[in-house]
Amino acid sequence: AQLQGTATTYLQGGNVGFQLLDFINVGGKHRLLQLIYKMMLAHEQGPQFQFDGRQPSARAGITCVSPHVVDTVYMLLYNAPYSNELMMKEVLEKLRRSDKAMAQGGTRFSAANLRWLYTVYQLMNCRLLRFFKYYAHASHLVHHLRHSLVHVTHRQLYRSLECFALCLVNLQHDVGFLQALMNPAYHGVPLTPHPSALGAIRYSKPKDAWFECAMLARNAAVVIARIETMRGLGDVPGLELDDCLDSLAPQPQLWAPAVLRYLPRAVRAYYTRRTPQPSARVSPASVHQLIGARPEHAALLRPGDAAAESALAAFYAAPERQALFLCVVWVLHERQTPPPMAVVRRVLLTFPPLQMSSHTSALLDFVVACETERGTSEPAAATMQLLNDFMFRLQLVHHEHVVFALTRGEHDLRTDRMRLLLTRYVLLESPQFSERLDEWHRLDFQGRYWADFEHWKKQDAYLARFPEFFEFEAALEGPLEPAPALGLPVYYENGMVRLLPVLEFALGRMIEAEDRGLLRDVLDRMGILYRLHQVPLTTLMNTLFVYFNAPTLHDAAVVRSLNRALLDMSQQNFSPEFEQFMRGDTDDCAHIDARYASRIIERIARAIMRHIAPPNKQNLPEIHYREIPNPILLALTECVVELLTWWCLHCAPSSATRLYDSARNGPLVASEAEFRAEEQQRRARAAEWPLAQLWLELIMEPER
């Protein structure tokens, strides 16, 4: 059978249910996984089979692993994680060697090796993130991607790698991630039970930035800020926060006042001291002048001129000019003189894949500047249609990069109505994206993917209706010059999967924008995508912990939509009061009294004392497939989510006066004094919270 063409042929087979695997003992699971690994994943030459002493894989043209085998691999890993840790270390060591080979430059990998890398990245990104969440060496896995993120030129492989890097960084929750950034001497996962066995780490600032991709660098900065907020660094001697932030990108990022408002004091001070410069702006006048003044653009106006095309490629070979090219193509489409897509494709293929998010940001800044010059308060219909064509019909820019470009944090969305409207369009109103989302709803991808035998058929049906192109050939037919790169086997990834980690980043910016209508609409419409999220409950807790003081969330409808989007209530054990709120039976926290506080305190105490009552819900997933298999940690996490939700409802009556209003509040201020004043107001509100007072009374009550 074939996945996406003759280059992705696999040996037909069938599904093995997870219930059947549960009947195999641990030793049998371990031997089965080792056998699958040896036959399918251990060889750079591709899958190797032996039937009657023969190896028919090469003769039969079998080039990739069956999707059913990949499913069996992750189910076996979840069924017996500890006995299979050695195999995971072997896979990670092979990834590290590949990454090291890429660092040497000029390395050309075989087709089988590219397929292996793409298969493993998809497996880890879409199925094994929960496995890695509590993996002892998870914080150091960024070392296995560092050079690959810079030197990978295969665009399909890079997009998978970029998505995995986003998800892996979002997964980090402890200071081990910051220690990994300051440990350039790391040499792979050792055969030790825990990183502490390695001895003391000698922190050293790396010579080169970790992320040359702007999207990855900004996402990592947000994650470091979250770790500082929730965990702190006071007990890690020798680790300098400034050095960690310095190592993320070649230049410090500029953050808008709306973002700085929610950063911890130490991170905010770092960006205040550095005074980073804004991204270079491309003015509409300069692009129009460039098209008329430079003769190289004749290749875009008069196709067939080989000399002009060579000159055009040479002109845009300079990295500082590459951000202009998409703007030039945009202007030519606006003039109703679209350039030949074959020429556009050949030029775009010379751009490094890691810079495409930056080039997309430059294009969206250019579009906003054009609309602003026209003096309109909202984007023109023709502008939005052209943006839709760039994302889906022509596929010159990626949808997730457009979402990042509009919500990257450099612009204060509280006062930027144009960007907010464009964000609403690309997430909710774009016709072609709406078709894709409707199809996603119709196919009904399940959150319990290990029990969904139809998952692969749904994935195949989705890609058949909405094919994806990775080398700008969506609008071209016939033979291509240059020929397209090797097609790699797609098992789990698609545009929705790649959008999810960027949507998680954009969620914070939409909360900071204080547009409750946009945030609620996005959560209600796109909440189904969080079924694919590997750690939704943890993500919800992190979001509430960072933004519990945001007036955007101090609204019953908004915080309910946030909880509904990320929670699977069939897997959680919340209080009856919280479940009533989730059903919409109540919109306030007036019913929270001493009895409720006593029950929550008792549940936390029982969790700490390891006296956990059996769950009162039926049909729970098997414990090894749950996001948080530890019942103690699960109980604590659910209590934190519940209490932070009540805080948002408590603050709701006074939140309207805290939303930004240009007429009432005047110009934006981003001074440290303003941020300190907000912190004092938050502490005053917390002191007046009845639940907090009850909590202290119950905890401090003397024994009788």
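Along Cα→Cβ, 7 Å out, is where each label goes; now give me the distance between the ones at residue 570 and residue 633 in nm to one decimal.
2.5 nm
When the scattering of segment 288-360 is computed by the Debye formula from its Cα atoms alone, each counted once and equally, what is log10 I(q)/I(0) at q = 0.17, 0.24 Å⁻¹?
-0.58, -1.20
With contacts defined as alpha carbon pairs under 8 Å and 6 or more residues apart, what's the relative contact order of segment 388-504 in percent?
Relative contact order, segment 388-504: 35 percent.
Based on the Kirkwood radius over alpha-carbon pairs, what value in µm²/s does the Stokes-Einstein equation return for the translational diffusion coefficient of segment 505-645 at 4 °C and 1.567 mPa s?
The Stokes-Einstein estimate is 81 µm²/s.
With θ set to phi - 60°, apply the Karplus curve 6.51 cos²θ - 1.76 cosθ + 1.60 along segment 113-130 and write out the HN-Hα couplings as whole Hz, x wherever there is a Gly or Pro.
Using θ = phi - 60°, the values come out as 5, 5, 5, 4, 4, 5, 5, 5, 4, 5, 4, 6, 6, 9, 9, 10, 5, 4 Hz.
Where does each of 10-23, 305-318 land if you order them by average Cβ count within 10 Å, highest first?
By packing density, highest mean first, the sequence is 305-318, 10-23.
Starting from the Cα gyration tensor of segment 459-522, multiply each eigenvalue by 5, take the square root, and state the resulting semi-axes largest first in whole Å. Show your work: numbers first, answer last.
On the way: eigenvalues 227, 40, 26 Å².
Largest first, segment 459-522 gives 34, 14, 11 Å.
Points 7 angstrom from Cα along the Cβ direction at residue 39 and residue 24: gap in nanometres?
Output for this residue pair reads 1.1 nm.
From zero outward in steps of 5 Å, how is the percent of C-alpha pairs of segment 206-326 spread across the bins?
2, 9, 15, 16, 12, 9, 9, 9, 7, 6, 4, 2, 1, 0
What percent does the relative contact order of the chain come to when contacts are Cα pairs within less than 8 Å and at least six residues apart?
Relative contact order for the chain comes out at 13 percent.
Place the peptides 429-439, 497-507 in order of packing, highest mean first, counting for every residue the other Cβ atoms within 10 Å and averaging per peptide. Kindly include the intermediate steps, with their values, before the conclusion.
Values: 429-439: 15.6, 497-507: 22.3.
Top of the packing list down: 497-507, 429-439.
Under a point-charge model restricted to the Cβ atoms of Lys and Arg (+1) and Asp and Glu (-1), what is the dipole moment magnitude of the chain relative to its Cα centre, in debye to the nearest 20?
1220 debye
Could you tell me what percent of the accessible area of the chain is made up of carbon and sulfur, with a 1.4 Å probe and every protein chain present?
So the carbon and sulfur contribution to the accessible surface is 55 percent.
Out of 547, 513, 19, whose Cα points farthest toward the positive end of the dipole of the chain (charges: +1 Lys, Arg; -1 Asp, Glu; placed on Cβ)?
About the Cα centre, the residue reaching furthest to the positive side is 19.
Averaging over every viewing direction, what projected area does the convex hull of the Cα atoms of segment 405-482 cover, in nm²?
8.7 nm²
Relative to the compact-globule scaling 2.2 N^0.38 Å, provide the ratio for the alpha-carbon radius of gyration of the chain.
Cα Rg divided by the expected 2.2 N^0.38 Å: 0.99.
Can you give the accessible area of residue 583, probe radius 1.4 Å, in Å² rounded to 10?
Near enough 140 Å² of accessible area.
Mind checking which of 271, 340, 319 is farthest towards the positive end of segment 245-358's charge dipole, using Cβ charges of +1 (Lys, Arg) and -1 (Asp, Glu) about the Cα centre?
So the residue we want is 271.
Set the Förster distance to 45 Å, then compute FRET efficiency between residue 305 and residue 202 from the Cβ-Cβ distance, nearest 0.05.
So, using R0 = 45 Å, E works out to roughly 0.15.
How big is Rg to Rh over segment 308-401, alpha-carbon atoms, Rh as the Kirkwood inverse-mean-distance radius?
Values: Rg = 13.3 Å, Rh = 13.9 Å.
That ratio is 0.96, to two decimals.
What net charge is computed for the residues neighbouring residue 479, neighbours being all others with C-beta under 15 Å from the C-beta of residue 479, Lys and Arg scored +1, Asp and Glu -1?
Here the count lands on -2.
Per residue, what accessible area does the chain have, given a 1.4 Å probe and all protein chains present, in Å²?
That works out to 42 Å² per residue.
Hey, what did segment 426-558 get for relative contact order, percent, Cα under 8 Å, at least 6 apart? Don't skip to the answer; put the middle values down first.
Numbers: 61 pairs, mean separation 36.6, N = 133.
Contact order relative to length: 28 percent.
Over segment 90-178, what portion of Cα pair distances is larger than 20 Å, expressed as a whole percent? All intermediate terms of the calculation are to be shown ahead of the outcome.
Numbers: 1144 of 3916 pairs.
The answer is 29 percent, as a whole percent.
What is the ratio of the Cα radius of gyration of segment 462-573 to 2.2 N^0.38 Å, with N the residue count, to two decimals?
Values: Rg = 18.4 Å, N = 112, 2.2 N^0.38 = 13.2 Å.
After normalising by residue count via 2.2 N^0.38 Å, the value is 1.39.
Say each of residue 678 and residue 385 gets a label point 7 Å from the Cα, pointing the same way as Cα to Cβ; how far apart are those two points in nm?
Here the answer is 4.1 nm between the modelled labels.
In deg cm²/dmol, rounded to 500, what helix-only [θ] at 222 nm does the chain give when every DSSP H run of at least 4 residues adds -39500 (n - 2.57) and the total is split over its residues? Write out the running numbers ahead of the final one.
On the way: 35 runs with 376 residues, N = 704.
After summing the helix terms and dividing by the residues of the chain, the value is -16000 deg cm²/dmol.
The values are calculated or read from the model by the stated rules, or taken from the named source; none is laboratory data. Being a predicted model, the structure only gives us computed values, none of them experimental. A quick note on method: Cβ atoms are made from the backbone with ideal geometry, for glycine too, and the neighbour counts reach across all protein chains shown. Please note that ligands, DNA and RNA were not included when accessible areas were found on the heavy atoms of the full protein model with its side chains. Shrake-Rupley method; radii C 1.70, N 1.55, O 1.52, S 1.80 Å.
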